[in-house]
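One structure below.
The values are calculated or read from the model by the stated rules, or taken from the named source; none is laboratory data. Keep in mind it's a predicted model, so treat the numbers as computed, not measured. Note: ideal-geometry Cβ built from the backbone for every residue, glycine included; neighbour counts use all protein chains shown.
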Amino acid sequence: MRLFAISDLHLGHTVNRQALSNIISRPDDWLILAGDVGETATQLELAFKSLRPRFAQLVWVPGNHELWTLPKETARGRSKYEELVGLCRSYRVLTPEDPYPIVAFGGRQVRIAPLFLLYDYSFRPPDVPREAALEWANEAGIVCADEVFLHPDPYAGIVEWCHARCELTEARLQAFRNDLPTVLINHFPLRADLATLPRIPRFSLWCGTRRTEDWHLRFNAIVVVSGHLHIRSTSYRDGVRFEEVSLGYPHQWTGSTTIDRCVREILPGVTSMERRAV
Ligand SMILES: [Fe+2]
Ligand SMILES: [Fe+2]
């Protein structure tokens, strides 16, 4: 049994929707969907209907896009998230609200931890105060659509929602002895030094929280899986593998790869030694 991952399917785009059927069936294996499947519950359901029969188990974490409230929709913030978790349960898809399962991939037991942590604008230079952060991004013409569509209800703001999620999740992870390696899955990268966007560097504000900088060490991660950046990569920090597994918008992948090549094997995967030798 193997563990695979892909994120940022963005099924609101016709080309991405059409490509979904080209993901090869792996009926013995698990597939992580690491957020931004789409912008609506209908698009999330489309992914489940299409992929659930092709994998033994799906694991989902929310991206920012799934949490948007579009015109004519009513559910906002946490209610929107809870609605999506309900949809996942109806398809028996694992979410950050479920107990973290222990599974053996390639004969090695790991704890699978889907996380929902958001961002708090802290991925910014030290000389930019929090109050000036949005202005700092605006100066470069950068503003994330989340500022319009992602509502933090019932929290005072996205920062408070992010910190509440971090505290809740930290307590859950701390409850485990470090007896098993973990696979940490979050839509947003866990470290600022991995949230580098060469073309739009100040977009980093909407990319994570510094609170999770050392979670890969504290919580015994063997692999950390994320998306959001739409820049596929494999990186190492402190010997831990970080996989960015985005598909992205059509212009970011069509012509250069196929959707199935963007389905990344996470475990057993290749070791760092093997990867360097490739
Ligand atoms: Fe995305
Ligand atoms: Fe995203």
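For the reader, a short list of remarks on this structure follows.
- Applying the criterion of being β-branched (Val, Ile, Thr) and closer than 12 Å to residue 262 by Cβ to the residues of region 1-23, the residue that is surrounded by the fewest Cβ atoms within 10 Å (Cβ to Cβ) is 23.
- Residue identified as modelled with pLDDT of 95 or more and in a loop (DSSP other than H, G, I, E, B) among 229, 217: 229
- Evaluation of residue 205 against (1) outside any loop (DSSP other than H, G, I, E, B); (2) under 15 Å from the mean Cα position of the chain (by Cα); (3) of a type in the set (A, V, I, L, M) (one fails), failing number: (2)
- Restricting attention to region 95-148 and to residues that are hydrophobic (A, V, I, L, M, F, W, C) and touching a Cys at 6+ places or on another chain (Cβ under 7 Å), the residue that is surrounded by the most Cβ atoms within 10 Å (Cβ to Cβ) turns out to be 118.
- Of the set (1) part of a strand (DSSP E or B); (2) touching a residue at least 60 places away in the same chain (Cβ under 8 Å), all apply to residue 24 but (1).
- Of all the numbered requirements in (1) within 15 Å of ligand 1 (Cβ to nearest atom); (2) hydroxyl-bearing (Ser, Thr, Tyr); (3) out of contact with any Ser or Thr (no Cβ under 6 Å at 6 or more places or on another chain), residue 21 misses one, and that requirement is (1).
- Cβ-Cβ contacts under 8 Å between residues 6 or more apart (or on different chains), taken from a first residue in region 227-238 that is more than 16 Å from ligand 1 (Cβ to nearest atom) to a second residue that is in a strand (DSSP E or B), are listed as 234/241; 234/242; 234/243; 234/244; 235/241; 235/242; 235/244; 236/242.
- Single condition residue 28 does not satisfy, out of (1) surrounded by 14 or more Cβ atoms within 10 Å (Cβ to Cβ); (2) charged (D, E, K, R); (3) in contact with a strand residue (DSSP E or B) (Cβ under 8 Å, 6 or more places away or on another chain): (1)
- Of the residues 63, 38, the single one that is out of contact with any helix residue (DSSP H, G or I) (no Cβ under 8 Å at 6 or more places or on another chain), in a loop (DSSP other than H, G, I, E, B) and within 16 Å of ligand 2 (Cβ to nearest atom) is 63.
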